[in-house]
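*Asks:* My structure is below; once you've seen it, I'll send some questions.
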Amino acid sequence: MDLIAKERDRLLQRTARVFGLSFTVVSLVCLLIPGAADPVAVLLCLPLYLLLGFCQYRIGSSRSLLWVLAILALGVAITGVITVAGAGPAQAGISAVTQLGGASLASTAIVLTTDLPRRILLAAGFLGVAGSTTFLLYPEQAPARTIALMVLGWTLSAIVGFWISAGVPQAARRIASIGRAHRAERQASETEAQRRQGARLLHDTVLATLTLLAHSGVGVAPAALRQQAADDARLLRQLRLGATPTPQASGVYNLEVVEETVLGTTLESVKQRFGRMGLEVSWHGTGQVLLPSDVLDAFLLALAECLENVRRHSGVTEAHVTITDDETMVRAMITDSGVGFTLDDVDSARLGFKESVVARLKEVGGKARLFSAPGSGTTVVLEVPR
Amino acid sequence: MSYSAPEENTLGVILGRGRRRESDATRRVIREATPRRASLGTGFIAIGAAVVFGLRAIYGLVWFVGLLPTYPNPVPAAFAWVVLIAVVAAVFITSRVIGDQLPDWMFAIFLVGLAAAVALDLWAIWPLHDIGRNTTAAVTAGMALVVVITLRKTADILVSVGVLGAVLAAAMVLNTNADIDDVAPQITTLAFAVLPAVIGVVIVRGFRRLVQVELDRVLVQSTVSAPRFAVGMMASEELARLDLAAEELLDSVATGRTKLPLSPKTASVAASLATELRLHLIEGRRETWLYHAITESDMLGKSVTLTDKASLAGLLDPQQRDGLLSAAWLLVSDTAKPSETRSVAIAVGPAAASAEVHGNRKITVPVVITTTGVARNRVDPATWDAIRKVGQYSDSTQNSSLRVDIHCLVDNPADN
């Protein structure tokens, strides 16, 4: 079944429960006024009222028509007992009966509106209750008055049911159109996030600059840092305005959109960038390696992160990078002769190693290994597939 | 452009003076889609309420005409009806015209009008010493509150109808003779004055809840067509915000507005920006549609936990996803009592051996749904249809609650 139809039925049932129970209580209160009806009849009615209340409570959670039938039967039975027993009901007894037939039992109309069999039952229920109540009250009260009250109660109740049934699909249609808009928004959000995440090299330079700033820019010439910040701010502005920036002028990375990029030229720009910040990087080994661009991105980021760690933590101003390659892998070995550290002592997350190096290399099928000991420098080996 | 510290970071940590992040997607969308309270179907309900009031008013008027000969002075009672109908019609029409809303001042006028109608009616029937049998406009005034029920807060309606009930009850006690035969008409009159508005409140609250739940479901449903790994709805917004914050910081450094070396406070902002940006760039695409569906939904977020270490849920095709989502939905939402606490845990994977189906190699992803507080025989039949869409299943009972094991066949991602 349609989920919203379920929700609709639940709403109708709960409404019928509240409607029915509240008027059952009113009817019972009227009946309990002294002299309302024959005392034996009142006593007989009490358990019937309890049962009626239970059925009306159950109708709030069950869709079964049996509860509806039970409610109608119990209601007619109560009406019969009150009106027939003894010398007939007083004013309070009449009120109890009309409240019962015109409101408490009429509440079932709310759940009898959704399909044809139920509507037939609604008509039958109305005719049965209104007919029997009018007939049984005939000696006490003019039929026109009883009938008017019955018609009003059942009509209002049925309108409530029909109106909710009609209102739910309307709301559902609007919700569905909001859902469609939301799906489009989700796709747009996805595309936009992809575009921004795709501008990885840009973010890498931004991250590098932010990391410098996080250390208050100590150890870097203010003019150089300001220049770098200006470049990065410009790139971010371009990204924000919808362009995919290709920062040729910043000279930090090569952002050309090509399937394969030569490693050498980009390595040279990394070297220049660290040179500006006071770390001399010496390259050894293969200069010209072709890599798919996503692999190159990850490789360069990892390399730059390692060099950044050397710059910050090693205490020396020189690092060696050796690039080797074979049929399947490209390796970079980053060595420094700095203070080193005990691997167990330093939380690798603090160095950004796990996130920035390991995670990104893993994404392209590569890996990283870290060797270090206090006093004997640090060596990092990065590997990516060709 | 000058740099100002963000109020909170995108990992949900409030940095101070900030408002709470609007993580509740449903509420956000409702607010955007429906700037006014009464929208999304309640406008239609309001018309229904007006129809109901109209019928009740006709019934009351017929009574009034019938009682006319007994009134010592029918003029105030007639005026009561005129005031009542005028004020209801005016409020109904203006609220429709200005777009399903009722400002405070207009509601105040409405209440004054109702009070006037009640006062005039009581004045007219006071000499008869039987308010229950003779009042017409005053009872209908209680029903009139139904007309504005979708336009005002529940509390407003309940307080108004409570005051009306109290006034009528007090008038009855003061005015009506202490004859036992007269008690029942007083009670029924009071019930007819007060109960319709109370029932109306129940209906409107239920309707609003229905809309809320359905909206939540529809919004989450859009994850069904998401790619295998996706960013959540907020991800691009968060990235954009981070990028903007970084841009502003870098810009203010570049132009020299922020002096180098940086103050420790600005430096720590730069550090946290870098951390957040890094996490969003690297970790952002690890989550599947199911994770996003559960975290974005009010309903599911509260009671569903997901274990999917290998992100295998991303492999499910849209129909299987729909089934799994509907099943979780039905298991969580289908509570007979609101107080009942149900929880559902969905465990996906690890992937099992592959199988040959119609010439395609498929892998089996076991999906295990364990629940608490869900009796096997109380599960909605629609749940089984939904689960069947995911794959072959077997159900059992664990710790007196339902457990479903589903063998879900998916395309091997290595073949694609």
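Computed from the coordinates by the stated procedures, all read-outs in this text should not be read as laboratory data. Note that the structure is predicted; figures quoted are calculated from it, not measured. We place every Cβ from the backbone using ideal geometry, glycine too, and count neighbours over all the protein chains shown.
*Asks:* Output the antiparallel fraction of DSSP beta bridges having both residues in chain A, as a percent to the nearest 5.
*Replies:* Of those bridges, close to 80 percent are antiparallel.
*Asks:* Also: Using the number of other C-beta atoms within 10 angstrom as an exposure proxy, rank B:W123, A:W154, A:W67, B:W105 with the fewest first.
*Replies:* Arranged by neighbour count, lowest to highest, B:W123, A:W154, A:W67, B:W105 become B:W105, B:W123, A:W67, A:W154.
*Asks:* Also: Between A:E185 and A:M329, how many nm apart are label points set 7 Å from Cα along the C-beta direction?
*Replies:* For A:E185 paired with A:M329, the spin-label model returns 4.8 nm.
*Asks:* For A:A73 paired with B:A166, estimate the spin-label separation in nm (one decimal), with each label point 7 Å from Cα along the Cα-to-Cβ line.
*Replies:* According to this spin-label approximation, the distance is 4.5 nm.
*Asks:* While we're on this one: Which Cα, out of B:V183, B:Y71, B:L164, lies furthest along the positive dipole direction of the stretch B:42-219 (beta carbon charges, K/R +1, D/E -1)?
*Replies:* B:L164
*Asks:* Give me the one-decimal nm value for the distance between modelled label points at A:R240 and A:L343, 7 Å along each residue's Cα-to-Cβ direction.
*Replies:* Going by the 7 Å Cα→Cβ label model, 4.3 nm.
*Asks:* Separate question: Please determine, in degrees from 0 to 90 and to the nearest 10, the orientation of helix A:3-31 with respect to the longest principal axis defined by the Cα atoms of chain A, where the helix direction is its Cα long axis.
*Replies:* 40
*Asks:* Say a paramagnetic label sat at a point 7 Å from the Cα of A:A166, along Cα to Cβ; which residues of the stretch A:123-142 have their backbone N under 20 Å from it?
*Replies:* Residues A:123 qualify, since their backbone N sits under 20 Å from the label point.
*Asks:* I would also like to ask the following. Where nothing but the Cβ of Lys and Arg (+1) and of Asp and Glu (-1) is charged, how large is the charge dipole of chain A around its Cα centre, in debye to the nearest 20?
*Replies:* Dipole magnitude for chain A comes out near 1700 debye.
*Asks:* Karplus couplings for the stretch B:294-310 from phi (6.51 cos²θ - 1.76 cosθ + 1.60, θ = phi - 60°), rounded to Hz, Gly and Pro as x?
*Replies:* Once θ is set to phi - 60°, the couplings for the stretch B:294-310 become 5, 6, 7, 8, 4, 6, 6, x, 6, 10, 10, 10, 10, 10, 8, 4, 9 Hz.
*Asks:* Separate question: Comparing A:E140, A:E190, A:E280, which has the greatest mean-square fluctuation in the GNM of chain A with Cα pairs linked when under 10 Å apart?
*Replies:* A:E140
*Asks:* Across 10 Å bins from 0, what is the distribution of all Cα-Cα pair distances for the protein assembly as shown, in whole percents?
*Replies:* Over the protein assembly as shown, the share of Cα pairs per 10 Å bin runs 2, 11, 16, 16, 14, 12, 9, 8, 6, 4, 1, 0 percent.
*Asks:* Determine the dipole magnitude for the protein assembly as shown: charges of +1 sit on the beta-carbon of Lys and Arg, -1 on that of Asp and Glu, nothing else is charged, the reference point is the Cα centre, and the result goes in debye to the nearest 20.
*Replies:* The dipole of the protein assembly as shown has a size of about 1260 debye.
*Asks:* What do you get for trypsin sites (Lys or Arg not before Pro) in the stretch B:293-325 restricted to DSSP loop and a cutoff of at most 10 other Cβ within 10 Å of the site's Cβ?
*Replies:* Taking the stretch B:293-325 and a limit of 10 other Cβ atoms within 10 Å, the loop trypsin sites (Lys or Arg not before Pro) found are B:K309.
*Asks:* Angle check, please: helix A:222-240 long axis (alpha carbons) against the longest principal axis of chain A (alpha carbons), in degrees 0 to 90, nearest 10.
*Replies:* 40
*Asks:* Further question on the same structure: Given a cut-off of 32 Å, name the pairs among A:K6/B:K302; A:K362/B:K362; A:K367/B:K302; A:K367/B:K265; A:K367/B:K309 whose C-alpha atoms lie farther apart than that in the structure shown.
*Replies:* With Cα atoms farther than 32 Å apart: A:K367/B:K302; A:K367/B:K265.
*Asks:* What span do the alpha-carbon atoms of the stretch A:70-219 cover on each of the three principal axes, reported in whole Å from largest to smallest?
*Replies:* Here the Cα extents, ordered largest to smallest, are 107, 35, 24 Å.
*Asks:* Using modelled amide H (1.01 Å from N, peptide plane; none on Pro or chain starts), what sits under 5 Å from the amide H of B:V374, excluding residues fewer than 5 places away?
*Replies:* Under 5 Å from the amide H of B:V374 lie the amide H atoms of B:L402, each far enough along the sequence or on another chain.
*Asks:* Right, here's the next one. Sketch the reach of a paramagnetic label on B:A352 as a point 7 Å from Cα along Cα-to-Cβ, and name the residues of the stretch B:377-408 whose backbone nitrogen lies under 19 Å away.
*Replies:* Answer for the stretch B:377-408: B:387-398, B:403-408.
*Asks:* List the relative contact order of chain A as a percent without decimals, with contacts defined as Cα pairs under 8 Å and 6+ residues apart.
*Replies:* It rounds to 10 percent for chain A.
*Asks:* Let me ask something else. Using a 10 angstrom cutoff on alpha carbons, build the Gaussian network for chain A and name the most mobile of A:T205, A:T328, A:T317.
*Replies:* The residue that fluctuates most here is A:T328.
*Asks:* Something else now. Step by step: find N for the stretch B:110-246, compute 2.2 N^0.38 Å, then divide the Cα radius of gyration by it. What's the final number?
*Replies:* In units of the globular-protein estimate, the stretch B:110-246 measures up at 1.77.
*Asks:* How charged is the neighbourhood of A:D9? Take every other residue with its Cβ under 11 Å from the Cβ of A:D9, and add Lys/Arg as +1 and Asp/Glu as -1.
*Replies:* Computed value for this residue: +3.
*Asks:* What is the extension gain from B:L55 to B:Y393, computed as 0.36 nm multiplied by their sequence separation minus the C-alpha to C-alpha distance, in nm to one decimal?
*Replies:* 116.3 nm
*Asks:* Let me ask something else about it. Quick check: residue separation of B:D380 and B:K309 times 0.36 nm, minus the Cα distance between them. What number comes out in nm?
*Replies:* Contour length minus Cα-Cα distance gives 22.6 nm.
*Asks:* Hey, got the dipole for the stretch B:66-199? About the Cα centre, +1 on K and R Cβ, -1 on D and E Cβ, debye to the nearest 20?
*Replies:* So the magnitude is around 340 debye.
*Asks:* What is the fewest-to-most order of A:H203, A:H284 by other Cβ atoms lying within 10 Å of their Cβ?
*Replies:* A:H284, A:H203
*Asks:* Please list, ordered by chain and number, the residues whose modelled amide H lies under 5 Å from the amide H of A:L291; skip anything fewer than 5 residues away on the same chain.
*Replies:* Result for A:L291 returns A:T261, A:L263.
*Asks:* Among A:C55, B:C408, what is the fewest-to-most ranking by other Cβ atoms within 10 Å?
*Replies:* A:C55, B:C408
*Asks:* Give me the angle, in degrees from 0 to 90, between the Cα long axis of helix A:263-276 and the longest principal axis of the Cα atoms of chain A, rounded to the nearest 10.
*Replies:* 80
*Asks:* If you take the charge dipole of the stretch A:33-186 about its Cα centre, with +1 on Lys and Arg Cβ and -1 on Asp and Glu Cβ, which of A:T79, A:S61, A:A92 is farthest toward its positive end?
*Replies:* Selected residue: A:S61.
*Asks:* Over chain A, with a single point scatterer placed on each C-alpha, what log10 of the ratio I(q)/I(0) does the Debye formula yield at q = 0.09, 0.12 1/Å?
*Replies:* With no solvent term, the Cα-only Debye profile gives -0.62, -0.89.
*Asks:* Show the residues, 5+ positions off or on another chain, whose built amide H is closer than 5 Å to the amide H of A:E318.
*Replies:* Close amide H contacts, sequence-distant or interchain: A:E280.
*Asks:* Let me ask you something else. Counting Lys +1, Arg +1, Asp -1, Glu -1, what net charge surrounds B:A254 among other residues with beta carbon under 14 Å of its beta carbon?
*Replies:* 0
*Asks:* OK, next. Lys/Arg Cβ at +1, Asp/Glu Cβ at -1, dipole of the protein assembly as shown taken about the Cα centre: which of A:W163, A:L149, B:A50 is farthest positive-ward?
*Replies:* Of A:W163, A:L149, B:A50, it is A:L149.
*Asks:* So, one more: Please find the FRET efficiency linking A:L51 to B:A240, where r is the Cβ-Cβ separation and R0 is fixed at 45 Å, and quote it to the nearest 0.05.
*Replies:* Once rounded, the FRET efficiency stands at 0.10.
*Asks:* Explain nothing, just the number: relative contact order of the stretch B:42-219, from Cα pairs under 8 Å at least 6 residues apart, as a whole percent.
*Replies:* 27
*Asks:* Per the helix-only calculation at 222 nm, which mean residue ellipticity applies to the protein assembly as shown, given -39500 (n - 2.57) for every DSSP H run of n ≥ 4 and division by its residues, nearest 500 deg cm²/dmol?
*Replies:* After summing the helix terms and dividing by the residues of the protein assembly as shown, the value is -19500 deg cm²/dmol.
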